[in-house]
Amino acid sequence: MNRRHFLLAPLALAAFATPATAAKISLNALSNYLNGITTAQSPFTQINGDGTISTGTLYIRRPGRIRFEYNPPEKSLVMAGGGQVAIFDGKSNTGPEQYPIKRTPLSLILERNVDLNRRQMVVGHSVDGPKTIVKAQDPEHPEYGNIQLVFTGDPIELRQWIITDGSGFQTTVILGALQTGVNLSARLFDITAEAQSRNR
């Protein structure tokens with residue numbers, strides 16, 4: 001499976017059990033929520049554009065760092081740190097494929113200061129039952145694709161995202177219980193250290 005598509009690109013929104021319509025959460029409130037996350041950890045389910053499904057654990061350390069560890073039998077790993085995204089192919093002995101994190105829409109929620117009110121950043125802001133859905137893109141580089149963020153309220157919680165790359169390839173990530181304020185080692189996001197450990 002090509003993990004590059006996972007970050008540069010995301011499926012239909014997963015249904016939530018509660019059908020009741022909730023008030024749309026403001027962009028200011030959502031920006032404050034995202035900026036309040038320094039570290040986080042969650043199990044995740046990933047639905048790929050070809051219909052395959054993967055599971056694993058997600059680690060976030062804002063700003064700019066994220067790690068996707070996939071459950072066995074997969075041995076792949078996707079991580080971001082130092083301004084780069086690295087995709088480790090568990091079936092290859094070569095080094096990771098790397099590219100700037102700014103080329104993925106996921107960078108929008110990993111910025112030091114998330115501001116969803118920034119001019120032309122948000123191209124969609126809607127409510128669907130209990131969900132508030134925000135569609136955002138880099139206003140200077142819309143060709144990088146976009147990200148749809150799905151939140152529930154009371155309290156605000158990020159539930160999933162859908163990333164669409166410039167070629168239209170989509171990947172959905174559905175989060176489990178998001179634990180924030182967890183203690184995460186910087187080693188989890190060190191691309192060089194990860195590459196060295198895999199070459200031993």
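Within the set of other residues whose C-beta is less than 9 Å from the C-beta of residue 38, count the net charge using Lys and Arg as +1 and Asp and Glu as -1.
In short, +2.
Taking segment 19-116 on its own, what percent of its Cα-Cα pair distances exceed 18 Å?
Value for segment 19-116: 58 percent of Cα pairs lie more than 18 Å apart.
On the principal axes of its Cα set, how long, how wide and how thick is segment 120-167? Give whole Å, largest value first.
Principal axes ranked by extent give 34, 19, 15 Å for the Cα atoms.
Quick one: which residues, 5+ away or cross-chain, put their amide H under 5 Å from the amide H of residue 128? H built at 1.01 Å from N.
For residue 128, the qualifying residues are 133.
Report the Stokes-Einstein translational diffusion coefficient (µm² s⁻¹, integer) for segment 73-134, Rh taken as the Kirkwood radius over Cα pairs, at 20 °C with viscosity 1.002 mPa s.
The diffusion coefficient I find is 149 µm²/s.
So what are the three principal axis dimensions of the chain from its Cα atoms, in whole Å, longest to shortest?
Largest first, the chain extends 53, 36, 31 Å along its Cα principal axes.
Please calculate the 1.4 Å probe accessible area of residue 47, with all protein chains present, and give it to the nearest 10 Å².
Looks like 40 Å² after rounding.
Given charges of +1 on the Cβ of Lys and Arg and -1 on the Cβ of Asp and Glu, with all other atoms neutral, how large is the dipole of the chain about its Cα centre, in debye to the nearest 20?
340
Name the shape class, rounded, prolate or oblate, that the alpha-carbon gyration tensor gives for segment 41-98, where a ≥ b ≥ c are the square roots of its eigenvalues, rounded holds for a/c under 1.5, and otherwise prolate holds if a/b is larger than b/c and oblate otherwise.
oblate
Hey, what did segment 109-156 get for relative contact order, percent, Cα under 8 Å, at least 6 apart?
Computed over segment 109-156, the figure is 28 percent.
Would you kindly calculate the translational diffusion coefficient of segment 99-189, applying Stokes-Einstein with the Kirkwood radius from alpha carbon pairs, for 20 °C and a viscosity of 1.002 mPa s, and quote it in µm² s⁻¹ without decimals?
Calculated translational D: 149 µm²/s.
Please go through segment 143-200 and write out the GluC sites (Glu not before Pro) that DSSP classes as loop and that have at most 13 other C-beta atoms within 10 Å.
Counting only loop positions with at most 13 other Cβ atoms within 10 Å, none of the GluC sites (Glu not before Pro) in segment 143-200 qualifies.
Per residue of segment 40-56, what does 6.51 cos²θ - 1.76 cosθ + 1.60 with θ = phi - 60° give for ³J(HN,Hα)? Whole Hz please, x for Gly and Pro, Karplus curve as stated.
Using θ = phi - 60°, the values come out as 7, 8, 7, x, 9, 10, 10, 10, 8, x, 8, x, 6, 10, 10, 10, x Hz.
Need the list of lysines near residue 135 for cross-linking: C-alpha distance under 25 angstrom, and skip anything on the same chain fewer than eight residues off.
24, 102
The values are calculated or read from the model by the stated rules, or taken from the named source; none is laboratory data. What you see is a predicted model; the values in this text were computed from it and never measured. Please note: Cβ atoms are built from the backbone with ideal geometry, for glycine as well, and neighbour counts cover all protein chains shown. Keep in mind that these areas ignore ligands, DNA and RNA; they rest on the heavy atoms of the full protein, side chains included. Shrake-Rupley method; radii C 1.70, N 1.55, O 1.52, S 1.80 Å.
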